[in-house]
């Protein structure tokens, strides 16, 4: 395949235009009515006195809140601003544009209504309690851009205590997309999962969740060597042993992987590996081409840092990598959780599932992999693209059916019914977007 060069980023121009457009539209999300308002008389039904009737019905049977309100299609995107993109701890106010952007993707790709909620605290207990108090208003919670290890504790506690699904997209969404790409990359290169040697570079939220999902899928931890900024993870990492209560996820990786206790950094982690899965910093060159040469023949490289990968695809290909995926849309094989979270939430909400399990995420990953395979797998096409309008409905149906199989649904339908419902919701969202685009043309540049 042709070697793709580094892009002409034109970063300054993009930044300037992004700021101009955000200021022009004052953000990306607004609230509009979904019910008809023909005249002021309609408010007798939508507000007083008529609104009292559904209120009384819900008081008598709380489950009817899903019937009479938008709770069934409404989620909260909650962040403390402590780990926003590659920008770091920029705080809740500065994180709002990202959360609004996420809400935009939820609506356009999944037909899911989402509200950005950025919290003025980075204290674990306050975050947990605040989100718990939001439960009556929302059908689900998407945690976003919360630093580790706090993100692990917050997700764990909220999943344990809440009756609506709670998902951390930086963890679970990223892991689901990686699993789909992993499955198809193995097929293209003719590898078997149980013999593939895997190098994991960076052990933050995304890669730890990927590690967990790979294990759930059947990968033996002994096939894996991982490293963080201080070196490879193994049982001799005294620093992590001392902090195993705070960083218990990393210590778990130390105990379960790297049985030969290979020491060193990224270079030693990659040596002889079939697959590289990197979630670190947006710093091209962090992974050197020479280290890719030290991997197995026809290596698979997932360089997932955003907005710039740990190594440019052109450099990785020249060094011998056969398949390269990044988080960017201007290269083939965009490995991005935007392929995952709209469909998973669509299916979870449509089935009214109480949680999102590993089984549901594996079902979503398998469906995502099948979407690409049906179009024909190639070295530059191991995943479908965001433009494929069938991806989100199919993932929604697969997620809902797995939830049904696991006994987690409160709305039971057939696969075809889930697929049709998701397709209809997403089409409605696209039509609304088209109307909004047309209405905004008079203000456009």
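Quick note: the coordinates plus some simple rules give every number you see, no bench work behind them. The structure presented is a predicted model; accordingly, all values stated were derived computationally and were not measured. Please note: Cβ atoms are built from the backbone with ideal geometry, for glycine as well, and neighbour counts cover all protein chains shown.
Structure above, values below:
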quantity	calculated
0 to 90° range, to nearest 10: angle between helix 124-133 axis and the chain longest Cα axis	30
Computed lengthening from residue 235 to residue 55, 0.36 nm per intervening residue step minus Cα-Cα distance	59.0 nm
Global form of the range 173-267, assessed from the alpha-carbon gyration tensor, a/c cut-off 1.5	prolate
Inter-part distance where the range 171-229 and the range 333-366 are each reduced to a Cα centre, Å	18
Folded to 0 to 90 degrees: helix 174-189 orientation relative to the chain principal axis, Cα	50
Gained length - residue 216 relative to residue 243, 0.36 nm times residue gap less alpha-carbon distance	7.2 nm
Protection-proxy order for peptides 62-71, 202-211, each taking the mean of Cβ atoms within 10 Å per residue, highest first	202-211, 62-71
Inter-centroid distance (Cα atoms) of the range 247-292 relative to the range 44-84, Å	46
Span per principal axis, largest first, for the Cα atoms of the range 169-445 (Å)	55, 47, 38
Computed FRET value (nearest 0.05) for residue 436 with residue 47, which takes r as the C-beta separation and R₀ as 25 Å	0.50
Choice from 99, 193, 360 showing the highest fluctuation, given a GNM over the chain with Cα pairs closer than 10 Å	193
Listed peptides 175-183, 141-149 by packing density, highest first (mean Cβ within 10 Å)	175-183, 141-149
The chain: angle of helix 358-375 to the longest principal axis, Cα-based, in degrees nearest 10	80
Per-pair calculated FRET efficiency, R0 = 51 Å: residue 417 and residue 120 via Cβ, rounded to 0.05	0.75
Antiparallel bridge percentage (DSSP; both residues within the range 268-423; nearest 5)	10
DSSP bridge orientation in the range 169-445 - percent antiparallel, rounded to nearest 5	15
